Amino acid sequence: MVAQDNIKIDDAVLEQAYSWHRRVERDTAEADEGIWLAYAEWLNADEMHQAAADYVETTLNFVDDNTEAVADKLHDTDVLTASHLGNDGGPIAENTVVRAENRFRKPSMWAAITAIAASFIFALVNLTNLTGHENFVREYQTEPGQHQFVSLEDGSNIHLNTQSKLTVTFAQAERRVDMGYGEALFEVAHDGERPFIVSVAGRDVRVVGTKFNIRRFNRKLTVTVTEGVVDVVEGADAEKSSNKSEDHIVEPIRLIAGIQLVHDEQTAVSIIQQVDAEAFTSWRGDVLSYEDVPLTDVINDIERYIDIPVVRKGDLSGTKFTGILNMTDPIASFGLIADILPVAVTITSERIIVRACDGCQ
């Protein structure tokens, strides 16, 4: 039995945690949402499960970061043999260094590796307490028509769409992004010690893993998951400003790959729906893809790419658009729209006018 965060972990649970670690690592490339969802359910079933998962992650990372020292210790103890690596038995060859997750294919190895790693962990923990994770705050903002790709120090990536603004704060306890407005695609590196949280529109999007798109525009929040699982919960600010009783518990909304949450900030109504997640992230290639979308929403999107206003005239509410628009030349998109929909478009250097009409076609 070991302990993590003052929680005692049974050996059986530790073995389960390691088994899950191998499954998730192996299946990440295929983005198997069923495995991610099952893993998330296992984590949430008991606090010991989360502690065990963190312990496995920390131990494997420690061993991989200290391969030579651990390998020497393994040779000294004469505990690890080739049979533990799935071979035909016999001692490990001198100076052999094996990836941490390959060292523990048999659950019985956890007792050995825990004892061996313990002689190094004390120094590691004290070093962490002295230095901690590097704290930093960075603000990122894009102008009309701009994209920005940000690679963070933890291995996570953020791709900002046009007219977007967010602030990244990394501390020892958590990684947090405060999103003011716009749109961004997040690819989050797993860190069992520091959760990754995106605060936006009074909601916290908490990462279970790994890739998702967030858009906030015209008081509407849209969260689209492309890989893995995220939880959407009311943020601390929203809870404080509400009239809920102290014992009121707000359950998180869990989203898996291909599922989208649309939250209207004005009406406080949320809709969960299945979507083509790739279509909602096509903006990364300067392409906007639509299927039966209100023309007013399409115009709103294009307007974010240009620096002149778009004037709407007439009733456009019932007009819908299906097609693909190239944002390398956003103004030209209005001509395409006028070719296929009953609208007239006038373009000047100062503004663009989109007018509903019955006899345009």
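Tabulated data for the structure shown
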| read-out | value |
| --- | --- |
| Test for LEU316: is it in contact with a strand residue (DSSP E or B) (Cβ under 7 Å, 6 or more places away or on another chain), outside the structural domain of HIS147 (by TED's automatic domain parsing), hydrophobic (A, V, I, L, M, F, W, C) and more than 28 Å from GLU143 (Cβ to Cβ) | no |
| Verdict on ILE299 being outside any strand (DSSP E or B), β-branched (Val, Ile, Thr) and not assigned by TED's automatic domain parsing to the domain that holds GLY228 | yes |
| Index of the failed condition, LEU316 passing every other in (1) at pLDDT 95 or above; (2) surrounded by 15 or more Cβ atoms within 10 Å (Cβ to Cβ) | (1) |
| Subset of the range 256-277 (residues that are free of Cβ contacts under 8 Å to residues at least 12 places away in the same chain and part of a strand (DSSP E or B)) | VAL269, ILE271 |
| Residues of the range 318-361 classified as farther than 25 Å from THR281 by Cα, within 37 Å of the chain's Cα centre (by Cα) and assigned to a loop (DSSP other than H, G, I, E, B), total | 1 |
| Test for ARG203: is it more than 17 Å from SER151 (Cα to Cα) and surrounded by 21 or more Cβ atoms within 10 Å (Cβ to Cβ) | yes |
| Candidates ILE308, ILE299, filtered to the one that is in contact with a strand residue (DSSP E or B) (Cβ under 7 Å, 6 or more places away or on another chain) and modelled with pLDDT under 95 | ILE308 |
| Subset of the range 148-164 that is surrounded by fewer than 15 Cβ atoms within 10 Å (Cβ to Cβ) and not in a strand (DSSP E or B) - its residue that is nearest to the chain's Cα centre (by Cα) | GLY155 |
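Per-residue answers, yes or no, for (1) of a type outside the set (Val, Ile, Thr); (2) farther than 21 Å from ASN218 by Cβ; (3) touching a Ser or Thr at 6+ places or on another chain (Cβ under 6 Å):
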position	(1), (2), (3)
PRO294	yes, no, no
ILE302	no, no, yes
ILE308	no, no, no
LEU316	yes, no, yes
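The values are calculated or read from the model by the stated rules, or taken from the named source; none is laboratory data. Worth saying up front: this structure is predicted, and the values here are computed from it rather than measured. Note: ideal-geometry Cβ built from the backbone for every residue, glycine included; neighbour counts use all protein chains shown.
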